[in-house]
Amino acid sequence: MLRRFNLKKTIDLTVGIADREKAHHVQRLQTDFETGSISRRGFMTGALALGVSMTAASALLNSAEAATPKKGGRARIGLTGGATSDTLDPGQILDLYMLNLQFGQLRNGLTEVASNGDLIPELAESWDSSTDAKVWTFKIRQGVEFSNGKSLTTEDVVDSLNHHLGEDSTSAAKGILSGVESVKADGNTVVVTLSGGDADFPFLMSDYHLNICPSKGDGSIDWESGVGTGGYVLVEHEPGVRTLTKRNPNYWKEGMAHFDEVEILQIADASARSNALRTDAIDGMNNVEVKTVERMKKVPGINIKATTGNKQITLPMHTDKAPYDDNNVRLAIKHIVDREEWLKKVVYGYGELGNDNPIGPANIYRATTDELPQRSYDPDKAKFYLKQAGLEKLSIQFHAADTGFGGAVDAGQLMRETARPAGIDIEVIREPDDGYWSNVWQKKPFCACYWSGRPTENWIFSQIYAADASWNDTNWKHEKFNKLLIQGRGELDTAKRREIYVEMQTIINEEGGVCLPLFQSDVMAYNDKLAVPEVVGNNWELDGGKFNERWWFS
């Protein structure tokens, strides 16, 4: 797949070409060189004929060579979010490490979010729906093989989707598929029938839990082996420590998956990740500690790239446990967080203010500040809400680790200080990074958390805030919200749909169990060996979780 050049950069490099038309001719030469239509000599001859100096022409040729994907090498990436309790069950993916391994290397979904945010076909080459968006038909791509040589069939797709359905399912995707009534094969298509219309349903099929695994032939799937249709094949896997994969020689995506091997290493400590990159122990890393970004930028041979999407820092409160079962207490806590201070001291400006509302800057139906005024630090209001709850003072515990979000423990200490004027005493408990998502999140009543943003409102509402969502980490149940969720899914009129989603955001803001102080940028770092496209996906970290097949060694 070609990575096209930025025209402005082409013009800046093209000394001696005065107008844009000639610059376009140079860009055409670059494209011809990428595709192999002309040789190095042909490129240089053509550029010099256009009036480009020898120095500029050489620079343009070097850029063209760097942007042409090359096969080979072992990519070594330091990641966060792995745990010794990790499993290859796609329904149990909890964080980036397993997202990257399963979704980014071993397997594919029916649809995919491209680097530019567009929804594109993956294992489904096309899809269509009934006029009421209740029945969706996916045409399954032919000629695709699993890494064990088995051909992809509609049975694999049906059983893989059904893996997340049913009363006994513990899949994290159960919530977003709650509207599915049936999944059936029909020739080379898979037909999904919903209980109500859902205009965004194809987007849901790009969720990283909905990877397609081979069917066992009895209605279940083989997830244990790690076999998939992805660009890489599992070689070694030590959960929460290290994983090695090798390129799938029969990968069906042309011009993708360039590395010979990919080695991912769980490195929870931010300083250890940075040191590993500086000493050439790894080639890239996620989750750069933002307070060190400026220093990292000065290290020769290291590049920094930040992407801003809907990634969010959250502080979930269990609404079924005292004292958080009283909404007045929840409102008090939402007012003792100094969001401006967090933006400066926790994420060092790499983000924007949150408003206790999970719909982020990349979502199209986000409530404006006129519709939902920005909540600010106000200890007097916090005192007021405590009194409404019948309390003069409050003592609580906040559980945090940097796995929850970078700087979570420090953020807890800031919150402790700003809570004191409101009469709230917060004990910050530092938890181990390993096993945080299994032992702390959804277990402790008030803790640190983060979410990668979902591309649609329905998706994030269904997966986290619906009453029956498997990842409802506040244990929140709101009758009107859940009715609006069903109504919004099937509303095809965009103006009416916006009204519904703004009302749902207001309900979460005023009555929900989440304090959401910030939307946070993803900051990654990598060495000069890696060729990283100018535009990378911001739906998940590291190019939408797909760096393994989209990047290469220069």
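The values are calculated or read from the model by the stated rules, or taken from the named source; none is laboratory data. None of the values given here were measured: they were computed from a predicted structure. Please note: Cβ atoms are built from the backbone with ideal geometry, for glycine as well, and neighbour counts cover all protein chains shown.
Listed by first and then second residue, the pairs with beta-carbon distance under 7 Å, at least 6 apart or on different chains, first residue in the range 96-115 and closer than 13 Å to HIS237 by Cβ, second surrounded by 24 or more Cβ atoms within 10 Å (Cβ to Cβ) and of a type in the set (Phe, Trp, Tyr), are GLN105/TYR232; LEU106/TYR232. Within the range 256-273, the set of residues being within 23 Å of GLY407 (Cα to Cα) and small (Gly, Ala, Ser) comprises ALA268, ALA270, SER271, ALA272.
Report, by residue number, each residue of the range 324-340 that is over 16 Å from ILE424 (Cβ atoms) and out of contact with any Pro (no Cβ under 6 Å at 6 or more places or on another chain). Steps first, answer last, please.
Within the range 324-340, the subset over 16 Å from ILE424 (Cβ atoms) is 325, 339-340.
Passing the criteria: ASP325, GLU340.
Here LEU492 fits the description: more than 24 Å from the chain's Cα centre (by Cα) and either touching a residue at least 24 places away in the same chain (Cβ under 8 Å) or not assigned by TED's automatic domain parsing to the domain that holds THR368 (or both). Considering only the range 362-390, state which residues are under 20 Å from the mean Cα position of the chain (by Cα) and exposed (fewer than 13 other Cβ atoms within 10 Å of the Cβ). Answer for the range 362-390, where residues must be under 20 Å from the mean Cα position of the chain (by Cα) and exposed (fewer than 13 other Cβ atoms within 10 Å of the Cβ): just ILE364. Test ASP320 against the stated conditions and say whether it is surrounded by fewer than 21 Cβ atoms within 10 Å (Cβ to Cβ), modelled with pLDDT of 95 or more, farther than 16 Å from GLY406 by Cα and in contact with a Phe, Trp or Tyr (Cβ under 8 Å, 6 or more places away or on another chain). Criteria not met by ASP320.
Would you check which residues across the range 501-527 are part of a loop (DSSP other than H, G, I, E, B) and at pLDDT 95 or above and list them? First the steps, then the outcome.
So in the range 501-527, the residues part of a loop (DSSP other than H, G, I, E, B) come out as 512-513, 521.
Within the range 501-527, GLY512, GLY513 meet the criteria.
Under the condition of being over 13 Å from ARG107 (Cβ atoms) and among the β-branched types (Val, Ile, Thr), which residue from the range 137-152 is surrounded by the fewest Cβ atoms within 10 Å (Cβ to Cβ)? Per the stated criteria, the residue is THR137. Scanning the range 188-204 for residues being buried (at least 23 other Cβ atoms within 10 Å of the Cβ) and under 21 Å from the mean Cα position of the chain (by Cα) gives a total of 2. Among the residues of the range 510-554, the ones that are assigned by TED's automatic domain parsing to the domain that holds LEU331, β-branched (Val, Ile, Thr) and surrounded by fewer than 19 Cβ atoms within 10 Å (Cβ to Cβ) come to 0 in all. Would you be able to say whether some residue in the range 62-73 is outside any loop (DSSP other than H, G, I, E, B), of a type outside the set (Lys, Arg) and modelled with pLDDT of 95 or more? Checked the range 62-73: no residue is outside any loop (DSSP other than H, G, I, E, B), of a type outside the set (Lys, Arg) and modelled with pLDDT of 95 or more. The one condition from (1) over 25 Å from ASP543 (Cβ atoms); (2) of a type in the set (A, V, I, L, M); (3) surrounded by 22 or more Cβ atoms within 10 Å (Cβ to Cβ); (4) in contact with an Asp or Glu (Cβ under 7 Å, 6 or more places away or on another chain) that ALA185 does not meet is (3).
Could you please let me know if ILE486 is over 28 Å from ILE304 (Cβ atoms), touching a helix residue (DSSP H, G or I) at 6+ places or on another chain (Cβ under 6 Å) and surrounded by fewer than 21 Cβ atoms within 10 Å (Cβ to Cβ)? Break it down stepwise before answering.
On the way: over 28 Å from ILE304 (Cβ atoms): yes; touching a helix residue (DSSP H, G or I) at 6+ places or on another chain (Cβ under 6 Å): no; surrounded by fewer than 21 Cβ atoms within 10 Å (Cβ to Cβ): yes.
So ILE486 does not fit the description; no.
The requirement of being of a type outside the set (A, V, I, L, M), assigned by TED's automatic domain parsing to the domain that holds THR494 and more than 18 Å from LEU414 (Cα to Cα) is satisfied by LYS381.
With respect to SER438, determine if the residue is polar (S, T, N, Q), closer than 27 Å to VAL523 by Cα, in contact with a Ser or Thr (Cβ under 9 Å, 6 or more places away or on another chain) and touching a residue at least 12 places away in the same chain (Cβ under 8 Å). Here the answer is yes, as SER438 does meet what is asked.
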